[in-house]
Amino acid sequence: MTARITSSFGAFSTAREVVAGHDLTGRTALITGAATGIGIETARALAEAGAEVVIAARKPDLANAASADINRTAKGPGARFEMLDLSSLASVRATAARWGDRPLDLLINNAGVMACPLSRTEDGLEMQIGTNHFGHFLLGVLLAPALEAGAQKSGRSSRLVSLSSIGHRRSAINWDDPNYRTRPYEKWEAYGQAKTANSLFALGFHTRFSARGVSANAVMPGGIMTPLQRHMAREEMVAMGWIDAETGALREGFKTPEQGASTSVWAAVASDLEGIGGLYLEDCAQAEPWTPAAPWVGVMPHALDPESADRLWELSREITGAG
């Protein structure tokens, strides 16, 4: 049995602490949804280590402001904006076409939608799985040649990082109706399904591209208050125990955005993960199996099931026309 991969970092390590000592000069990272939240802290840490960082987002004003903020402390080329709307497969294709054959070293699929009312993407997909998974699936597949070129250029593995969540425990993939065309919609079940898909995508991608020099892992960043909660009322967060009703304080265990970015950065730079993939990572380590005794950590079997990963890959091929 392979030993579990751990590190000297932990749940409350920061992205800057994780990247310290790494020189990313000459490396290029594309990070989706990096204009706010843990995405901007992931981008900041990589840029301060010398990487060229591309913020792929759908709001130019936020992304350009984020780039300017990051560039105040960047040690190399810094950050720039690239237009990307993951809820539009046409936009994803356009982004990949503009990228062309330029080498890419890191693709961090950070953007996400959580617990929104029932809505649909431009292509008629349920918004959470459509954006969180199918948009990212298409992006990853179309940029796979660029990641391969990055590996050939650098002589080391390029990496894809897929952000999942402990929310994956709420649902496996509903193969009969993943897009809620006939079954009743439940926003947290839909979020759980999408986060399971993010983990299975990393497994499926690694299986298909590791021999070409590209590895992929899923990441659970932890509980962080960011714009991801935009669809939640304060009363709902109080009821879920995230916020104290009287003081407004966050529940113990919540992380700052910079702490929340640490596992994404660890997945991107850790030498112990060179060529290693198909894992679910949290708190800067390979996750242990989920148990009811520790409900806020760990990974459930359905999020790392190889047969489900293959089945999801085929479904994603049918829906996106790529892969």
For Ala90, indicate whether it is exposed (fewer than 15 other Cβ atoms within 10 Å of the Cβ) and either of a type outside the set (Asp, Glu) or within 25 Å of Trp188 (Cα to Cα) (or both). yes
Take the residues of region 11-58 that are under 19 Å from the mean Cα position of the chain (by Cα), assigned to a loop (DSSP other than H, G, I, E, B) and small (Gly, Ala, Ser): which is nearest to Ser262 (Cα to Cα)? Ser13
Return yes when Ala115 is of a type outside the set (Phe, Trp, Tyr), surrounded by fewer than 21 Cβ atoms within 10 Å (Cβ to Cβ) and either under 19 Å from the mean Cα position of the chain (by Cα) or modelled with pLDDT of 95 or more (or both) and no when it is not. yes
Only one of Ser308, Ser316, Ser262, Ser271 is modelled with pLDDT of 95 or more, more than 20 Å from Thr32 (Cβ to Cβ) and in contact with a helix residue (DSSP H, G or I) (Cβ under 7 Å, 6 or more places away or on another chain), namely Ser308
Give the number of residues within region 163-188 that are outside any loop (DSSP other than H, G, I, E, B), farther than 17 Å from Trp290 by Cα and out of contact with any Lys or Arg (no Cβ under 6 Å at 6 or more places or on another chain). 2
Count of region 120-162 residues which are surrounded by fewer than 21 Cβ atoms within 10 Å (Cβ to Cβ), of a type outside the set (Lys, Arg), at negative phi and outside any helix (DSSP H, G or I): 2
How many of the residues in region 280-295 are in contact with a helix residue (DSSP H, G or I) (Cβ under 8 Å, 6 or more places away or on another chain) and surrounded by 13 or more Cβ atoms within 10 Å (Cβ to Cβ)? 6
Within region 23-59, which residues are surrounded by fewer than 24 Cβ atoms within 10 Å (Cβ to Cβ) and over 16 Å from Thr73 (Cα atoms)? Gly26, Thr28, Thr36, Gly37, Arg58, Lys59
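The values are calculated or read from the model by the stated rules, or taken from the named source; none is laboratory data. Since this is a predicted model, take the numbers as computed values, not measurements. Every residue, glycine among them, receives a Cβ derived from its backbone with ideal geometry; neighbour counts consider all protein chains shown.
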